[in-house]
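S.K.: The structure under discussion is supplied below as structure tokens; questions concerning it will follow.
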Amino acid sequence: MKPFRIILLICYALSVSAQNRSIDSLQALLNVSTNDTLSCDLNNQIAVEFRSINSDTSLLYAAKALVIAKSLSYHLGTAEAELNMGNVFLNTGQYKEAQKILINALNTFLKTKPFPSDVGMRVKKGLGNTYNTLGNVYYSEGDYDDALRCHENSLKVRKLINDEKGMAFSYNNIALICSRQGNYGDALKNHFESLKIKEKLGNKKGAAISYNNIGLIYKDQSRSDEALKNLKKALSIAKELKTPDVLATCYINIASIYVDQKRYDLALRENNHALEIGNEYHDEAIRSDALGNIGNVYYEQGKYKEALDKEMEALKLKEELEDAYGACSFMNTISRIYEKQGKTKEALKYGEKALALAFRIKAAKQIEECSGSLIGLYKKTGDYRKAYEMQDLSISIRDSILSSKNTKELIKQEINHRFQKQALADSINYANKRRLDDIANEQKLKAEKNKMIVLICGLALSLVAFAFIFNRFRVAKKQKNIIEMQGLYLSKAHSQLEEKSNEIKDSILYAKEIQNTFLKSLAGAQYFPYPTTLVYQPKDIVSGDFYWYKETNDTLFVAVGDSTGHGVPGAIISVLAIQTLEKLIANVANKSELHSLNKSMKAEFNSYNKRNAGVSIGLDYSIICISKAENKLYVSGSGQNVYVKMKNGKLDENKFDSINIGGADPYIYMPFTAMYSLEDVDAVIMFSDGIIDQKGGPEEERSGKKYGSRRFRDLIMKLNTKDNKAAEKAIETEIREWKGEREQLDDITVLALQIGSDNLHAIHKEKFITEHSTIPEAFFTLEADEIMNQHKLEMLLHLFKHKLKDFNLPMVAQKRAYAIIVEAMENAMRHSSKESGYMEIFHKFIIGNEEIEMFFGNFVRSDEVEELKKHLSFVKEENKDNLKKRMYEKASDGMPLSEKGGAGVGIFDMLIRSNGEFSYKLISINEHYYYLTQIRISYGKLNS
Amino acid sequence: MENLIREASANTPGVKCDFVANSLTIEGESRPENVRAFYAEVFNWLEKYNSTVELVDGKKIFNLNFKLDYFNSSSLKVFMELIELVKKITASHNGLQYAVNWYYQEDDEDILDSGKEIEKMNGVKMNFISYS
């Protein structure tokens, strides 16, 4: 029987004193916290700090956090509290409770919107930790298959967020399960991965655990020297750190090697060290392992009575701890002791119990050991059939454990590790470098492939040309002047080839024109003419990238997409993608669920792919929605990032997991829609990964560096969002300079909408005037955008009155224009908000041959806009007589004038005077509205 | 009781409240920066007139004269109230009557038109008098 050892699953790197300091300050914060979500978070954080100090206290804080979180429907807080409680339950051996609450935590994390990015980070981190803890619960219960699945999930999530510390734990835990299942190759591989990270991060305790676990695998492989070497390394680190669990583990495991080497005194000494630690720290797990191992040494020495006492004591502890693996080991040892003492019946009882347990927890090593002991026992009782079965079982299990594949894998891993460690020492950037090399190789391969394609195409063309020439040649042979003819046909063939090539080029150029008609930048937008920065650089003539928008007078959608592939295939997919977006956008009922589009896009594209197994069409994309009515910006997508530059200078990075449109379901996918109040947003930046992946940098680096997200972020932060054209130039220059002489690798698209632009109203104004002004030739134009006061108004009226007279216009027209200007200006002055500084009033008067056009623009506070809208919808509907009636009714209603001195009838007055020739537009800008009107006096309609 | 006389300015009309002649005249352009404040003293004067007026020979007519080039919509509201007040004052004094005289420049249809609308709305018979 191989002696027993414990293996550690989780470790906490904090020292006790540091924890206390941190707890004190957290509690101080909690005492002054009035914010509910914050106090929930603080309770959770304190629960984490207490996790390894005091389970009860940790549980108390976690439960408090849970109560607060639930009362607030605060998903993230709920999930974190559930995770914390799950951890306590695991540590106190309440596995069923742990399992239940951790599965709750998983579901809660998965339904939490991972937005903004710091929340997303917490969600993913929490998810990784929950999978890890749940894996440990399954492991403790002996359910290795589920445990492995959980730890692999945990590893995937942790890789997503580059949580190296967590990854090291996951590798370690996966290795432990592999080792329990007898898969030593994978176990060692994962241990080395774990060790690599721990050494990089300077995590000594973690490294000690890895060395310990690696030692155990060598032990199982009967390689005592290697095992002892690794275990002693672990011990020396553990001594330095003085952590009881690691220290005890090392002693016990070293003892087990001494037993293998039959050095029993040494083994007893080491195990007694471990027992002392167990007693000192009242750690039952350590005590039971130490006792079991001491018993084992006695067994090996033939001291069966002493051995049985120790083993029974250890088994009892294991059963109390519900440690199935440990219990199984000790039962088997007890069976062997009874066998030696000649008590076959008892021996069989314990042996069969141990085997049943080993099967239940699917522990290969235990099955091998138990079945091995049972062979002899069955033989002794004369049950040869069972003895034969056991023999069979024992051999097949041993074969699988020591299979040549496993051993080969083992050696390979060992060599790998030595090599990698050396490389690590050479350069801390080793891993990065390797990745870059991989990419470079891939590129080289791609270049080779491209060369091949060119070669084949060239060959094919030459063959065509040759066949052509040859044919002609045969005809020409009959004629005398062969050489002359040959020259003639050659040049003809050449010109035909050139023609073909030009035809193809023309065809692609025409395809580009077609693609352009599908690409819609915001330049053509009616209701949302945001200043737009657009950098669109296809790798080839046509592009797999695309941009698109769709608007109503209230809602704007903008998308940027990146189809699989580039060039002609990419372009075809991009057109399909745009059409699919056009079709599906109507189904998005709730804008805060913008991510629901992902699923319908995926369904659509997957159905395209089903029609032809030979193609794989799909895309990454991002989409935003601006709703004026809600004053909100919504952001979502799949497989792209969208940056939102806030007015307070912060950059919010929204990372949208890929739902893998056109492909299989992703492993992990947390869809969400980010939401912003429009007035907080300066700019929103959408982009394909072309710019991020572009290689460039210093010329001397042959393959170049990736431009990368960090540089792009810095570029965006530096960007002058006030000036869209300057921003465009800045991005283009950056790409050009980064790329240098290198090839462009992919299509590049960057689309930035300057939502918070201060001169937004100016753009609307220009657009409004262009749309509405019809005077072909003006006698006189007066235009200004200024802060108005009574004095300025008097001067303006004076000037205008004289101008009207100068052109000898009809008196009624003069008077009406004058009246309209007074009403419009007084209204504008009343509503220009002093508080917000939006006081500029725009006016433009154009006197023409047939009419006078007057434009006005001013800001209106959003609380006043409803009233204005009501008036506007009324005046648009009614005829002149009704307007008059309404105006005089309102003037005689006996109500006092408004606070600002208005009678609320100015708009009626203007409309009556202009014979209904009136247009307007209300545009939501930041927290205000911009109100634009055009009023026209046509001389021909004065008397109607 | 004193008369109230205000000279016209670019955006305020000339005002003449004459106790002896029993008349109130508003003339010129009415678009004061603060309409309510501007006309407050006119309303005050009318209140005072109400408490001081005595009928000497049993019959008197109070003339409310509007002679405007332009007035803004806020002024319109004030004029309506003025007419209402004059109506009320004359009704409370036995033998006191009133007349609203609306002057308009010959070709200024808009001013005439708004006078007609006021008449319709107030139910008051107004005299429309053109001048050149």
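The values are calculated or read from the model by the stated rules, or taken from the named source; none is laboratory data. Note that the coordinates shown come from a computational prediction; the quantities given were computed from them, not determined experimentally. Counting neighbours? That spans all protein chains shown, and the Cβs are built from the backbone with ideal geometry, glycine included.
S.K.: Is it the case that some residue within the range A:877-895 is assigned to a strand (DSSP E or B) and out of contact with any Cys (no Cβ under 9 Å at 6 or more places or on another chain)? Don't jump to the end; show me each part of the working.
M.R.: We begin by selecting, within the range A:877-895, every residue assigned to a strand (DSSP E or B); these are none.
Taking every residue of the range A:877-895 in turn, none turns out to be assigned to a strand (DSSP E or B) and out of contact with any Cys (no Cβ under 9 Å at 6 or more places or on another chain).
S.K.: If you scan the range A:721-739, which residues turn out to be β-branched (Val, Ile, Thr), in a helix (DSSP H, G or I) and within 27 Å of the chain's Cα centre (by Cα)?
M.R.: Let us first name the residues in the range A:721-739 that are β-branched (Val, Ile, Thr), namely A:721, A:731, A:733, A:735.
Subsequent filtering for residues that are in a helix (DSSP H, G or I) retains A:731, A:733, A:735.
Answer for the range A:721-739, where residues must be β-branched (Val, Ile, Thr), in a helix (DSSP H, G or I) and within 27 Å of the chain's Cα centre (by Cα): A:Ile731, A:Ile735.
S.K.: A further question on this structure: For the range A:740-779, how many residues are modelled with pLDDT of 85 or more, part of a loop (DSSP other than H, G, I, E, B), farther than 30 Å from A:Asp540 by Cα and among the acidic types (Asp, Glu)?
M.R.: Residues that pass the stated criteria total 0.
S.K.: Out of the range A:906-919, which residues are acidic (Asp, Glu) and either facing chain B (nearest Cβ under 9 Å) or surrounded by 19 or more Cβ atoms within 10 Å (Cβ to Cβ) (or both)?
M.R.: A:Asp909
S.K.: Test A:Pro538 against the criterion of being on the phi < 0 side of the Ramachandran plot and either modelled with pLDDT under 90 or surrounded by fewer than 20 Cβ atoms within 10 Å (Cβ to Cβ) (or both), and give yes or no.
M.R.: On the way: on the phi < 0 side of the Ramachandran plot: yes; either modelled with pLDDT under 90 or surrounded by fewer than 20 Cβ atoms within 10 Å (Cβ to Cβ) (or both): no.
It is false that A:Pro538 is on the phi < 0 side of the Ramachandran plot and either modelled with pLDDT under 90 or surrounded by fewer than 20 Cβ atoms within 10 Å (Cβ to Cβ) (or both).
S.K.: Would you point out which residue out of B:Asn122, B:Asn34, B:Asn72 is within 14 Å of another protein chain (Cβ to nearest Cβ), polar (S, T, N, Q), closer than 21 Å to A:Val905 by Cβ and buried (at least 18 other Cβ atoms within 10 Å of the Cβ)?
M.R.: Working: B:Asn122 fails: buried (at least 18 other Cβ atoms within 10 Å of the Cβ); B:Asn34 fails: buried (at least 18 other Cβ atoms within 10 Å of the Cβ).
Going through B:Asn122, B:Asn34, B:Asn72 in turn, the sole match is B:Asn72.
S.K.: Can you say whether A:Gly857 is at pLDDT 80 or above, more than 14 Å from chain B (Cβ to nearest Cβ) and part of a loop (DSSP other than H, G, I, E, B), as far as the supplied structure shows?
M.R.: Numbers: at pLDDT 80 or above: yes; more than 14 Å from chain B (Cβ to nearest Cβ): yes; part of a loop (DSSP other than H, G, I, E, B): no.
No.
S.K.: Return the total of residues in the range B:2-17 being surrounded by fewer than 15 Cβ atoms within 10 Å (Cβ to Cβ) and more than 14 Å from every other protein chain (Cβ to nearest Cβ).
M.R.: 4
S.K.: Residues that are at pLDDT 90 or above and either farther than 26 Å from A:Gln366 by Cβ or among the charged types (D, E, K, R) (or both): does the range A:167-177 have at least one?
M.R.: Yes, there is a match, as at least one residue in the range A:167-177 is at pLDDT 90 or above and either farther than 26 Å from A:Gln366 by Cβ or among the charged types (D, E, K, R) (or both).
S.K.: Further question on the same structure: I want to confirm something. Restricting to the range A:805-814 and keeping residues that are of a type outside the set (A, V, I, L, M, F, W, C) and within 11 Å of another protein chain (Cβ to nearest Cβ), which single residue is farthest from the chain's Cα centre (by Cα)?
M.R.: As a first pass, look at the range A:805-814 and keep what is of a type outside the set (A, V, I, L, M, F, W, C): A:805-806, A:808, A:810, A:814.
Among the residues that remain, those that are also within 11 Å of another protein chain (Cβ to nearest Cβ) are: A:810, A:814.
Numbers: A:Pro810: 68, A:Gln814: 64 Å.
Restricting to residues being of a type outside the set (A, V, I, L, M, F, W, C) and within 11 Å of another protein chain (Cβ to nearest Cβ), the top hit is A:Pro810.
S.K.: So, one more: Restricted to the range A:107-122, and to residues that are in contact with a Ser or Thr (Cβ under 9 Å, 6 or more places away or on another chain) and among the basic types (Lys, Arg), which residue is farthest from A:Val635 (Cα to Cα)?
M.R.: A:Arg122
S.K.: What number of residues within the range A:281-310 are more than 25 Å from A:Tyr350 (Cβ to Cβ) and in contact with a helix residue (DSSP H, G or I) (Cβ under 7 Å, 6 or more places away or on another chain)?
M.R.: Here is the first cut: in the range A:281-310, the residues more than 25 Å from A:Tyr350 (Cβ to Cβ) are A:281-283.
From what is left, the residues that are in contact with a helix residue (DSSP H, G or I) (Cβ under 7 Å, 6 or more places away or on another chain) are A:281, A:283.
Adding up the residues that qualify gives 2.
S.K.: Still on this model: Out of all the residues in the range B:88-108, which are crowded, with 16+ Cβ neighbours inside 10 Å and part of a helix (DSSP H, G or I)? Spell out the reasoning first.
M.R.: Our first condition is that a residue be crowded, with 16+ Cβ neighbours inside 10 Å; within the range B:88-108, this holds for B:89-90, B:96, B:98-105, B:108.
Residues satisfying the conditions are B:Ile89, B:Thr90.
S.K.: Got a sec? Which of A:Asp145, A:Asp118 is under 21 Å from A:Leu176 (Cα atoms) and surrounded by fewer than 21 Cβ atoms within 10 Å (Cβ to Cβ)? So that I can check it myself, show each step before the final result.
M.R.: On the way: A:Asp118 fails: under 21 Å from A:Leu176 (Cα atoms).
Among A:Asp145, A:Asp118, only A:Asp145 is under 21 Å from A:Leu176 (Cα atoms) and surrounded by fewer than 21 Cβ atoms within 10 Å (Cβ to Cβ).
S.K.: Just checking, how many residues over the range A:228-283 are closer than 22 Å to A:Tyr299 by Cα and acidic (Asp, Glu)?
M.R.: 4
S.K.: Now for a different question. Out of all the residues in the range A:920-932, is one or more assigned to a loop (DSSP other than H, G, I, E, B), more than 14 Å from every other protein chain (Cβ to nearest Cβ) and within 30 Å of A:Lys647 (Cβ to Cβ)? Steps first, please.
M.R.: In the first step, residues of the range A:920-932 are kept if they are assigned to a loop (DSSP other than H, G, I, E, B); the result is A:926-927.
This time we only want the ones that are more than 14 Å from every other protein chain (Cβ to nearest Cβ), so: A:926-927.
If we keep only those that are within 30 Å of A:Lys647 (Cβ to Cβ) as well, we get A:926-927.
Checking the range A:920-932: at least one residue is assigned to a loop (DSSP other than H, G, I, E, B), more than 14 Å from every other protein chain (Cβ to nearest Cβ) and within 30 Å of A:Lys647 (Cβ to Cβ).
S.K.: From A:His802, A:His791, which residue is at the interface with chain B (Cβ under 10 Å from one of its Cβ atoms) and in a helix (DSSP H, G or I)? If you could, list the steps in order and put the result at the bottom.
M.R.: Details: A:His802 fails: at the interface with chain B (Cβ under 10 Å from one of its Cβ atoms).
Matching residue, one of A:His802, A:His791: A:His791.
S.K.: Let me ask another. Please return the ranges of helices (runs of 4 or more DSSP H) entirely within the range A:103-190 where 3 or more residues are among the hydroxyl-bearing types (Ser, Thr, Tyr) and over 25 Å from the mean Cα position of the chain (by Cα). Working first, answer last.
M.R.: Numbers: elements: A:117-141, A:144-160, A:164-180.
Answer list for the range A:103-190: A:117-141.
S.K.: Next up: Do we find that B:Glu29 is in contact (Cβ under 8 Å) with a residue 40 or more places away in the chain, of a type outside the set (Gly, Ala, Ser), within 14 Å of another protein chain (Cβ to nearest Cβ) and over 17 Å from B:Lys87 (Cβ atoms) in this structure?
M.R.: Considered against the rule, which asks whether it is in contact (Cβ under 8 Å) with a residue 40 or more places away in the chain, of a type outside the set (Gly, Ala, Ser), within 14 Å of another protein chain (Cβ to nearest Cβ) and over 17 Å from B:Lys87 (Cβ atoms), B:Glu29 comes out as yes.
S.K.: Determine, yes or no, whether B:Val100 is within 11 Å of chain A (Cβ to nearest Cβ) and touching a strand residue (DSSP E or B) at 6+ places or on another chain (Cβ under 9 Å). Break it down stepwise before answering.
M.R.: Details: within 11 Å of chain A (Cβ to nearest Cβ): no; touching a strand residue (DSSP E or B) at 6+ places or on another chain (Cβ under 9 Å): yes.
So B:Val100 does not fit the description; no.
S.K.: Pull up the range A:873-885, narrow it to residues that are within 18 Å of B:Leu76 (Cα to Cα) and buried (at least 17 other Cβ atoms within 10 Å of the Cβ), then point me to the one that is nearest to the other protein chains (Cβ to nearest Cβ).
M.R.: This residue is A:Lys884.
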